[in-house]
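S.K.: Here it is, the structure, as structure tokens.
The values are calculated or read from the model by the stated rules, or taken from the named source; none is laboratory data. Just so you know, these numbers come straight off a predicted model, no measurement behind them. Virtual Cβ from ideal backbone geometry, glycine too; neighbours counted across all protein chains shown. What goes into the accessible areas is simple: the full protein's heavy atoms, side chains included, and nothing from ligands, DNA or RNA. Shrake-Rupley method; radii C 1.70, N 1.55, O 1.52, S 1.80 Å.
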Amino acid sequence: MRESPDQPVVIGAGPAGMACAWTLAAAGVPVKILEKEDLPGGLCRTLNFNGHLFDIGGHRFLSKSAEVNRLWHEVMQEDMLHVKRLSRIYFHKKFFDYPLSFFNTFRNLGLWESLRCIASYFRCLLTHPGDERTFEGWITNHFGRRLYEIFFKTYTEKVWAVVCGGISADWAAQRIRGLSLRVALREIFFKSGARPKTLAEEFLYPRTGPGEFYQRFERRIWGLGGEFAYHTRVSGLRHEKNKITALLVEETPSGRIFEMPVPFVFSTMPLPLLVRAMIPQAPEPVLAAARQLRFRSFLVVNVILNREHVFPDQWIYIQDPEVRMGRIQNYKNWSPAMTMDLRKTSLGLEYFCTQDDDLWRMNDVDLIDFALMELEKTGLAGRRDYVNGFVVRRANVYPVYSLGYEKHVGVIRAWLETFDNLKTLGREGLFHYDNSDHALLTGIYAARNYLGEGPYNVWDVNVDESYLET
Ligand SMILES: Cc1cc2nc3c(=O)[nH]c(=O)nc-3n(C[C@H](O)[C@H](O)[C@H](O)COP(=O)(O)OP(=O)(O)OC[C@H]3O[C@@H](n4cnc5c(N)ncnc54)[C@H](O)[C@@H]3O)c2cc1C
């Protein structure tokens, strides 16, 4: 790898790191990107398995930012599909429309249960029993206790593995901002048009998956003079007098470890890992704050089935408490080009987990077996259809908004801001539950600040303009 003392370095070739590198390179700054894996795109990469393409969880392209939309179109040109969203909720062996539609929900729940939900909603509207600082309280006040228990509690606890009373309402506010039962009912009966973004009916999707965008984006950055080093992991940041002086870098598979002097660092590493990588160690209160920040991890069992049709949705939320699976993606419903053979179907069976739990540690053969058994339980498809499959694990992808997390982020942020030449950005880097458009914006803004075109506050991206779903 060529080393130049003047090159700012970006840690991570995900959306945030790449957007930062692109903005710098376009301004003539010779930037270098260090990426521990072998492909650009971070969580937005697309994997090819026997000619079938799989995302790491389906990745919609949907943004309120004109700047991001412009970038997507400029890079993808005509190769973006407008996909009509179809996604339902599987609960108690029934499929509920999502967004909830009155008649479908009514039919599935039955008259008695529906009346109980409505009564519960009005009771909560009058009494506001929930503590609005928590996810549970926020949802109860906006949807009623009964609907909270049916539609939110199980799925949310699957994602976060903590009881909803321990999750900050920030997550609800980000995920379903602007939505309540009142808004949903108004939408059903009056088609008000004031549809919150959570309910977006259409999204963009690159014909061969999000990885296509990031591969083209990578070529543009190379073309502007940016430089990528793959299989290159940053394991330490050496600092002195409020300046990062060098990075400790490990190359795989050679195992070579070396120090790289750096003038300026943009990091998209997970925030607590960045703190722990500091040499000498961060002060104890900062380390203590980093220990309080937790991530959920994610694994997906990707399978190819010998069946032409399994279900029409792009994805299905599995709220049913009888299976641990959280969601199922059906990639040819995102784009037919995701499947080499349209007589087959490729599914992503998704699990939210923790790095030391039984699912994470299970070997791939057993995991595929387990996921197929769960798929069979849902009645959607069965083992007999199975042709081939593989497992993808991604650690530290869901920042857990446990109560009080902002205080810990604040302690870390204040310490990092004492460094003249270090900026943290991106979803894991800011410990912010962001989508790829927000991550791209944090990269663009961080680079503009460096170029003196700011000030932009990367910590505020996606604080009040978003659509979000798990
Ligand atoms: C299951 C799932 C579904 C999602 N669906 C959508 C969706 O539909 N639409 C949407 O817009 N967004 C979606 N997102 C969110 C989107 O994936 C993220 O917002 C986006 O990828 C964040 O970009 P990033 O660059 O901040 O981080 P990442 O994508 O995580 O990239 C970080 C990169 O840094 C590298 N890295 C980390 N540490 C080091 C190190 N020490 N040394 C070198 N390299 C390092 C990593 O390998 C990675 O490549 C989804 C996320 C998940 C988990």
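S.K.: How much of the accessible area of the chain, probe 1.4 Å, is carbon plus sulfur, in whole percent?
M.R.: 54
S.K.: If you don't mind, there's one more thing I want to ask. Using the Kirkwood radius over Cα pairs, work out the Stokes-Einstein diffusion coefficient for the stretch 227-353 at 25 °C and 0.890 mPa s, in µm²/s as a whole number.
M.R.: Answer, rounded: 132 µm²/s.
S.K.: Let me ask you something else. Suppose R0 equals 45 Å. What FRET efficiency, 1/(1 + (r/R0)^6) with r the Cβ-Cβ distance, do ASP460 and ASN306 give to the nearest 0.05?
M.R.: 0.40
S.K.: Same structure, new question: Could you state how much accessible area THR154 has, in square angstrom rounded to the nearest 10, with a 1.4 Å probe and all protein chains kept in place?
M.R.: Near enough 30 Å² of accessible area.
S.K.: Would you mind checking the radius of gyration and Dmax of the stretch 295-399 based on alpha-carbon positions, in Å?
M.R.: When restricted to Cα atoms, the stretch 295-399 yields Rg and Dmax of 13.3, 38 Å.
S.K.: Which value in deg cm²/dmol, rounded to the nearest 500, describes the helix-derived mean residue ellipticity at 222 nm for the chain, given -39,500 (n - 2.57) per DSSP H run of n ≥ 4 and division by the residue count?
M.R.: Theoretical 222 nm ellipticity from helices: -10000 deg cm²/dmol.
S.K.: How high is the FRET efficiency between HIS82 and LYS241 when r is their beta carbon distance and R₀ equals 45 Å, given to the nearest 0.05?
M.R.: 0.30
S.K.: Ok, one more. Quick one: of LYS241/LYS423; LYS36/LYS241; LYS36/LYS407; LYS94/LYS344, which pairs are farther than 21 Å apart, Cα to Cα?
M.R.: In this structure, LYS36/LYS241; LYS36/LYS407; LYS94/LYS344 lie more than 21 Å apart at Cα.
S.K.: Which peptide among 311-318, 92-99, 111-118 comes first, and what is the full order, when sorted by highest mean count of other Cβ atoms within 10 Å?
M.R.: 311-318, 92-99, 111-118
S.K.: Computed FRET efficiency, Cβ-Cβ of ASN421 and GLU202, R0 41 Å: what is it to the nearest 0.05?
M.R.: With a Förster radius of 41 Å, E is 0.45.
S.K.: Continuing with this model, one more query. Distance in nm between label sites at GLU284 and GLU74, each 7 Å beyond Cα in the beta-carbon direction?
M.R.: Distance between the two pseudo-spin positions: 5.0 nm.
S.K.: Another one. Using a probe radius of 1.4 Å on heavy atoms only, what accessible surface per residue do you get for the chain? Whole Å² is fine.
M.R.: On a per-residue basis, 41 Å².
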